[in-house]
Amino acid sequence: MLVGRDRRARRALPLCWLALLFVMFLAAVISASANPIIIGSKKFTESYVLGEIAKRTLNDAVIPAEHRQGMGGTIILWQALQGGQIDAYPEYTGTIAQEILKTNRQLSLNEIGDALARFGVGMTKPLGFNNTYALVMRRSEAQRLGLRTISDLRKHPELKIGLTHEFLDRQDGWRPLRERYGLPQRNVIGIDHALGYAALANGSIDVKDAYSTDAKIAENDLVTLEDDLGFFPKYEAVFLFRLSMRPDAIAALRRLEGTLDEKRMIRLNLEAERTKNYTRAANLYFEDGAKSTDTMGESFPQKLARWTLRHLQLAGFSLLLSVLFGIPLGILASRGGPIGQSILGFASVVQTIPSLALLALLVPLPFFGISVRTAITALFLYGLLPIVRNTASGLQDIPRSLRESAIALGLSPIIRLWQIYLPMASRSILSGIKTSAVINIGTATLAALIGAGGLGEPILSGLNLNDHVTILEGAIPAALLALLVQWLFDLLDRVLIPKGLRI
Amino acid sequence: MSALVKLADVSKRYAGAQALHSTNLSIERGKTTLLIGPSGCGKSTLLRLMIGLIAPDSGTIAFNDLTITPTNIDSLRRRIGYVIQEGGLFPHLTARANVLLMARYLGKSQEEMQSRLMELCELTRFSDTLLSRYPVELSGGQRQRVSLMRALMLSPELLLLDEPLGALDPLVRASLQKDLKEIFARLQQTVLFVTHDLGEAIYFGDEIVLMNEGRIVQKGSASDLREKPAEPFVSEFINAQRGVVLT
């Protein structure tokens, strides 16, 4: 029975490996699901909704699909598509011509299609709505004055016009529009987009610019003046996809062609902004004519579970890497000399880079791009310093007399390290791992910025929608998770730190 | 009797200071040799050279007529026991695990280890009920007994003790001195014992080696040192500690 107690102390290190294996298991879960189709979307409501519609269309065709919400702007999505980090995303023909193909000419759909094919990218036919600039005004006012088209504005020079600053400056904006239609209005002011709707409602202005599918048009009972001279370029919504994507997935996306008119898109956008639930808005699309009762999409607990699991995968896998690399590097660093100094120096420098900047630095590199890989790498680099530093200082703090006793016994260097030095430094090493874990849980919320998901996802869409409840749906669980991890590590201390060091 | 350890022209220099001048010394088998001298006289340096914790700048050290080299040092260390002032016990291991560490590493059988452990407990008067305690749970004297058991576990040919009783209070120290002397006699152990205390040296020493400033000043019995001092320093050293020499 006396022997048994000794064995327990010797078992401490294998237990450490067990803990690592558990984290490895978490990591394996990421790769377990067979390559799904990845749909990307831009960082605004309509793009989110279209992404959800594509995901559900694929899922209905029994094709596994994931939706990475709000990955950023045109350039990021386009690069991700070319790099293969995503397989498809919703785009607008005008944007393709101007920002991707960089031409000011109005291109036909065929011309665009041919140009994209050279990049290995395909395009669906238009989904059915044109999200271009439009001029809007109060329905009652338009009816009173008998206004239906932009040309009709010529008869009413007294109308006050409020435009976004972007529209005032754009080359397809206010100045050429005024010239084309010969508009006489002199009373034109620049005003913020959201404030403009309020100004329109209280009569401070009479006409403003808008996106033609903007949910606010229906919400505020406004009408769109018809672009009767065809001034505005077409911004028809399409899906771009990799030509190498599986054919049944391409066929499924093509079934969406011509199925979404402006009215319907406005309704979906309105639903998305009202409920803050993109899945639910997307489901409206599938419901027309059918009597589906499943309108809720994912329930909150389901979403929370998905976010949390992904969050743990990100933090867990990166922590595993930090431990696997950090402890050996810490052992090397503990020996001092130029190598030790440069290891500690490198880890410290990485720590001083702001986390956002570190992500931004990794994204353009060939291996990384917009991916979970990038998020995990950034988190791994962040988690390195506490582990390296604590391993090195834990080892250096072992008294010289004990080091020499281990040497004088005749134990080999490996056994000395494994059975004597590392267990004696275990408290310091574990506290480094704990610090690293808590930092990773917090920093992993930034992973959502590059579409890697996790609890940062609701925080990001909450920020986007200016909706505090959604922000808290991510922020509170993330904070609780950090506390939980801290507590678990305190428990782990009791298991992993040899008893003789705790008395 | 032939010498177990032979140092030939061994010297050691630390940054700036000559810790040990060219030195010759033989440790006789079965005897307790006491290495004594004031702080910084080179006695610990001599000990650390023998166990290979530091390498000599010049000269050779032979163990059993075999010259110590970096390649054979680990196997030689297993034939040498080493006890330091604070005991050098590993705090994360129990007394038992500390004692058995090396035997386990060498893959000795459970029965062999257990019977040797019981033998050592009896020899060092250490209660086997305390074996499952961790070093922090033991008194200073108990720790030194465990450390001695660890050093004796593999029945070493040579036992090196570096001021093993230096940190103990006088009563514990006296009882350990008595036990140690009995153990050495019973095992006919070859011992090299470093101390700065003349009384202890005289109590243990078959042979006393007095060192000063990196040199061996005189080697001989206690009475040799008293009656035939090789140089004035010997008398000076003896007179300075006369108060505690009661014999």
Legend entry - Single residue of segment B:116-139 satisfying the filter (outside any helix (DSSP H, G or I) and more than 10 Å from every other protein chain (Cβ to nearest Cβ)) that is farthest from B:Lys181 (Cα to Cα): B:Leu138
Legend entry - Selection status of A:Ala199, open to solvent by less than 20 Å² (accessible area, probe 1.4 Å), touching a helix residue (DSSP H, G or I) at 6+ places or on another chain (Cβ under 8 Å) and of a type outside the set (Ser, Thr, Tyr): no
Legend entry - Of all residues making up segment B:94-113, the number that are within 20 Å of B:Leu187 (Cβ to Cβ), surrounded by fewer than 21 Cβ atoms within 10 Å (Cβ to Cβ) and more than 7 Å from chain A (Cβ to nearest Cβ): 4
Legend entry - Residue count for segment B:8-29, restricted to those that are under 16 Å from the mean Cα position of the chain (by Cα) and under 26 Å from B:Ile238 (Cα atoms): 4
Legend entry - Extreme residue, nearest to B:His21 (Cα to Cα), among residues of segment B:210-234 that are of a type in the set (Asp, Glu) and not in a loop (DSSP other than H, G, I, E, B): B:Asp224
Inset, instruction - Filter segment A:202-245 down to residues that are in a loop (DSSP other than H, G, I, E, B) and surrounded by 14 or more Cβ atoms within 10 Å (Cβ to Cβ), then give me how many there are. - result: 14
Legend entry - Single condition B:Leu53 does not satisfy, out of (1) within 18 Å of the chain's Cα centre (by Cα); (2) more than 13 Å from chain A (Cβ to nearest Cβ); (3) not basic (Lys, Arg): (2)
Inset, instruction - Check whether at least one residue in segment B:32-47 is within 26 Å of B:Asp206 (Cα to Cα), charged (D, E, K, R), under 19 Å from the mean Cα position of the chain (by Cα) and within 14 Å of chain A (Cβ to nearest Cβ), and report yes or no. - result: no
Legend entry - Candidates B:Leu160, B:Leu117, B:Leu171 - the one that is more than 30 Å from B:Ala62 (Cα to Cα), open to solvent by less than 50 Å² (accessible area, probe 1.4 Å) and not hydroxyl-bearing (Ser, Thr, Tyr): B:Leu117
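Residues are listed down the side, and each one gets a yes or a no for (1) surrounded by 19 or more Cβ atoms within 10 Å (Cβ to Cβ); (2) at pLDDT below 90; (3) among the basic types (Lys, Arg):
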{"residue": "A:Thr435", "(1), (2), (3)": "no, no, no"}
{"residue": "A:Asn440", "(1), (2), (3)": "yes, no, no"}
{"residue": "A:Ala447", "(1), (2), (3)": "yes, yes, no"}
{"residue": "A:Gly451", "(1), (2), (3)": "yes, yes, no"}
{"residue": "A:Gly456", "(1), (2), (3)": "yes, yes, no"}
{"residue": "A:Ser461", "(1), (2), (3)": "yes, yes, no"}
{"residue": "A:Asn464", "(1), (2), (3)": "no, yes, no"}
{"residue": "A:Val495", "(1), (2), (3)": "no, yes, no"}
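Kindly indicate the residue of segment B:140-170 that is of a type in the set (S, T, N, Q) and outside any loop (DSSP other than H, G, I, E, B) and also farthest from the other protein chains (Cβ to nearest Cβ) among those meeting that condition.
So the first thing to find is which residues in segment B:140-170 are of a type in the set (S, T, N, Q), and the list is B:142, B:144, B:147, B:155.
When the remaining residues are screened for being outside any loop (DSSP other than H, G, I, E, B), the result is B:142, B:144, B:147.
On the way: B:Gln142: 15, B:Gln144: 13, B:Ser147: 8 Å.
Of everything passing the filter in segment B:140-170, B:Gln142 is farthest from the other protein chains (Cβ to nearest Cβ).
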Inset, instruction - Being more than 14 Å from every other protein chain (Cβ to nearest Cβ) and part of a helix (DSSP H, G or I) narrows it down to one of A:Pro386, A:Pro366, so name that one. - result: A:Pro386
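Filter segment B:60-72 down to the residues that are out of contact with any Lys or Arg (no Cβ under 9 Å at 6 or more places or on another chain) and surrounded by fewer than 19 Cβ atoms within 10 Å (Cβ to Cβ) and list them by number.
Step one: of segment B:60-72, the residues out of contact with any Lys or Arg (no Cβ under 9 Å at 6 or more places or on another chain) are B:66-72.
Result: B:Leu66, B:Thr67, B:Thr69, B:Pro70, B:Thr71, B:Asn72.
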Inset, instruction - Check whether at least one residue in segment B:76-90 is closer than 20 Å to B:Thr129 by Cα, more than 21 Å from the chain's Cα centre (by Cα) and facing another protein chain (nearest Cβ under 7 Å), and report yes or no. - result: no
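The values are calculated or read from the model by the stated rules, or taken from the named source; none is laboratory data. From a predicted model like this one, the values you see are computed outputs, not experimental measurements. Every residue, glycine as well, gets a Cβ built from its backbone with ideal geometry; the counts of neighbours run over all protein chains shown. Just so you know, the surface numbers come from the protein's heavy atoms only, side chains and all, with ligands and any DNA or RNA stripped out. Shrake-Rupley method; radii C 1.70, N 1.55, O 1.52, S 1.80 Å.
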